[in-house]
Amino acid sequence: MSSPVFLTGAGAVSPFGGGVEALWRGALDGRTALAPIRGFATTGLTSTLAGEVPDGAVAAWLSAAECARLARVDQHALAAAREALAEARLTLAACDASRVGVVLATTLGAMEIGEDYLRARAAGTPFAARRLLDWPYAATAATLARALGVRGPVLSPSRGRATRPPAPRARGRSARRAS
C-alpha cells in the first residue's frame with residue numbers, strides 16, 4: 001500500500017540561475033544552459049562546455065557571510081532549501097526541530113576543499129585541516145541541517161556512478177552471477 005505524497009514547495013539552483021522560476025522558464029523556452037566552462041582551464045580537454053551555475057544565483061537566499069563561509073555545493077543546497085521552505089510557507093521555527101530532517105542526494109560534496117588540500121600539500125603550504133570535515137558527500141546534508149536548525153534524521157544517499165555501471169537487476173531483485 002502506498003501513501004500519498006504532497007509536494008508543497010520546491011527550490012532550485014541551476015545553470016539557468018537561482019530559483020525554480022529560472023529553471024522552469026529555461027526549460028519551457030527550450031534554451032540550453034551549456035556554455036564554455038569558466039570554472040577551470042579546459043586546455044587539452046575534449047569537452048569545453050558545461051552547465052555551470054552562474055555567479056550570484058544564490059544571492060536572494062544567502063548572506064554574503066554565508067557565501068564566504070560555505071562551500072559552493074552547500075550554498076546551492078541551502079538556497080534551494082530556503083526557496084522550497086518559503087514556497088511551502090513553512091516556518092521551521094514553529095516546528096519541533098527533532099521531527100524535521102534532511103534527505104539530500106549528492107554525488108561528491110565539496111570537491112574544491114579536497115582540491116585545495118591536494119594543492120597545498122603539493123606546494124608544501126599550510127592548510128586548515130578542519131575544512132576536510134566538509135569534504136565527504138554526506139557533509140552537505142549535515143551542513144544544510146545545521147544551517148536550517150533541524151535536528152531530525154540526516155540522510156545522504158550517494159548517487160555517484162562515474163566509475164562503474166549500475167548493478168544488474170532482474171524482476172526488482174538483485175541479479176546473482178552463476179558460479
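The values are calculated or read from the model by the stated rules, or taken from the named source; none is laboratory data. Since the model is a prediction, treat every value here as computed from it, not as a measurement. Cβ coordinates were reconstructed from backbone atoms using ideal geometry, including for glycine residues, and neighbour counts include every protein chain displayed.
At-a-glance table
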| item | result |
| --- | --- |
| Residue among Arg89, Arg121, Arg31, Arg99 that alone is more than 16 Å from the chain's Cα centre (by Cα) and either of a type in the set (Val, Ile, Thr) or farther than 22 Å from Gly11 by Cβ (or both) | Arg121 |
| Output for the range 1-41, where each listed residue is of a type in the set (A, V, I, L, M, F, W, C), in contact with a strand residue (DSSP E or B) (Cβ under 9 Å, 6 or more places away or on another chain) and in a loop (DSSP other than H, G, I, E, B) | Ala12, Ala33, Leu34, Ile37 |
| Among (1) touching a Pro at 6+ places or on another chain (Cβ under 7 Å); (2) within 20 Å of Pro157 (Cβ to Cβ) - the single one Val73 does not satisfy | (1) |
| Condition check for Ala57: within 28 Å of Thr8 (Cβ to Cβ) and not in a strand (DSSP E or B) | yes |
| Residues that are at pLDDT below 80, of a type in the set (A, V, I, L, M) and loosely packed, with under 15 Cβ neighbours inside 10 Å, drawn from the range 95-149 | Ala105, Met111, Leu133 |
| Cross-chain or 6+ apart pairs with Cβ under 8 Å, the range 62-75 first and under 17 Å from Ala139 (Cβ atoms) and in contact (Cβ under 8 Å) with a residue 60 or more places away in the chain, then outside any helix (DSSP H, G or I) and among the small types (Gly, Ala, Ser) | Ala71/Gly109; Ala71/Ala110; Val73/Gly109; Val73/Ala110; Asp74/Ala110 |
| Members of the range 66-88 found to be closer than 17 Å to Arg131 by Cβ and assigned to a helix (DSSP H, G or I), listed by number | Glu66, Cys67, Ala68, Arg69, Arg72, Val73, Asp74, Gln75 |
